[in-house]
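The values are calculated or read from the model by the stated rules, or taken from the named source; none is laboratory data. Fair warning: this is a prediction, and the values are worked out from it, not measured in the lab. For neighbour counting, all protein chains shown are included, and Cβ atoms are generated from backbone atoms with ideal geometry for every residue, glycine included.
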Amino acid sequence: MKLGLQIPRFTWPGGDAAIAPELARIVRTAEDVGFDSVWVMDHFFQLRGVGAVEEPMLEGWTTLGWMAALTTRLELGLMVGGIHYRQAPLWVKAATTLDVLSGGRAWLGIGAAWNQEESEGLGFPFPSLGERFEQLEETLAYAHQMWSGEHGTNGPFEGRHIHATRLLNAPQSIRRPRPPIMIGGGGERKTLRLVAQYGDACNIFGTPEKLQQKYAVLREHCERLGRPYDEIERSTLQTVRLHPNEQGPVETPAQTVDRFGVLADAGAQTIIFNVRDVWRPGALEIIGSEILPHLRAL
């Protein structure tokens, strides 16, 4: 099993001035204790389920680039990018740049997005869900074409939302045939079909029963499209709560291992999880010594 750390919150002791040094410590520790990847959200307001909407939130691609300079092994990605925040060439060029500068460690994490309050608050156009899915599918097809060949395919690319005459991509990505694409969401009719057609990984959160159901639907889409199901990495997003002072249920490391083991039995190959109070000294070290080694054996 592979393990990723999601960092969804930057509200730590010391205020805004402490974000950079604390984040540097967290990311370096995550690499040292054995995580495979690190992920940040693609939001501009904090999510209400995580904290107050006014809490600090960093722009995702900039943060990943900074993390790349701090690490040597961790893979890096958005969990996941909102399609309407950037146009297709910027999605591909940003992921390529991160891949080149990190030595081949970038992911393109992307999805249809949902945060209407955030978009309207900041002035991002927020198309209908149907149009966002159209943009997502065109962007995925565009990405495959732009990452093909030595410097990409010289176009043209004609879609409903994208009109391009020359898909030049220099430098080309280090990882070939492309940086892996993770598509977030568990929609059975559209999202999982896009995973089967264009993705290298899916990301779904929920109970083991829900994961089994969604993975079964993904397998059906793969069979229909002629795509080998085992080519797609099956990941899930979870939360770990180990500190006794935080709200919500608290687990022991052994209970976390057992819970994640059930997810592995349901078909999950990669668990990406956030850690409440990740800034707390020793939090990641406990995970590295008491949780990660057991999960490696699953």
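Quick notes on this one:
Per-residue answers, yes or no, for (1) touching an Asp or Glu at 6+ places or on another chain (Cβ under 9 Å); (2) without any contact (Cβ under 8 Å) to a residue 24 or more places away in the chain:
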position	(1), (2)
TYR215	no, no
LEU218	yes, no
HIS221	yes, no
GLY226	no, yes
THR236	no, no
VAL257	yes, no
LEU263	no, no
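- When the range 216-244 is filtered for residues that are in a helix (DSSP H, G or I) and surrounded by fewer than 20 Cβ atoms within 10 Å (Cβ to Cβ), the ones remaining, listed by number, are ALA216, VAL217, ARG219, GLU220, GLU223, ARG224, LEU225, TYR229, ASP230, GLU231.
- If you go through the range 148-191 and keep only what is on the phi > 0 side of the Ramachandran plot and surrounded by fewer than 16 Cβ atoms within 10 Å (Cβ to Cβ), you end up with GLY149, GLY155.
- Residue selected from the range 251-275 under the condition part of a helix (DSSP H, G or I) and touching a strand residue (DSSP E or B) at 6+ places or on another chain (Cβ under 7 Å), by the criterion nearest to LEU218 (Cα to Cα): LEU263
- For GLU22: the one exception among (1) within 19 Å of GLU285 (Cα to Cα); (2) at pLDDT below 95; (3) more than 17 Å from the chain's Cα centre (by Cα): (2)
- Members of the range 26-50 that are in contact (Cβ under 8 Å) with a residue 60 or more places away in the chain and under 23 Å from ARG73 (Cα atoms): ILE26, THR29, ALA30, ASP32, VAL33, GLY34, PHE35, ASP36, SER37, TRP39, ASP42
- Top-ranked residue in the range 110-127 [being among the hydrophobic types (A, V, I, L, M, F, W, C) and surrounded by 18 or more Cβ atoms within 10 Å (Cβ to Cβ); ranked as nearest to ALA141 (Cα to Cα)]: ILE110
- Looking only at the range 82-97, and only at residues there that are closer than 12 Å to PRO171 by Cβ and either of a type outside the set (S, T, N, Q) or without any contact (Cβ under 8 Å) to a residue 40 or more places away in the chain (or both), the one that is surrounded by the most Cβ atoms within 10 Å (Cβ to Cβ): THR97
- So ALA113, is it outside any helix (DSSP H, G or I), under 18 Å from the mean Cα position of the chain (by Cα) and hydrophobic (A, V, I, L, M, F, W, C): yes
- Taking the criterion of being more than 30 Å from GLU120 (Cα to Cα) and part of a loop (DSSP other than H, G, I, E, B), the residues of the range 21-70 that qualify are GLY34, PHE35, ASP36.
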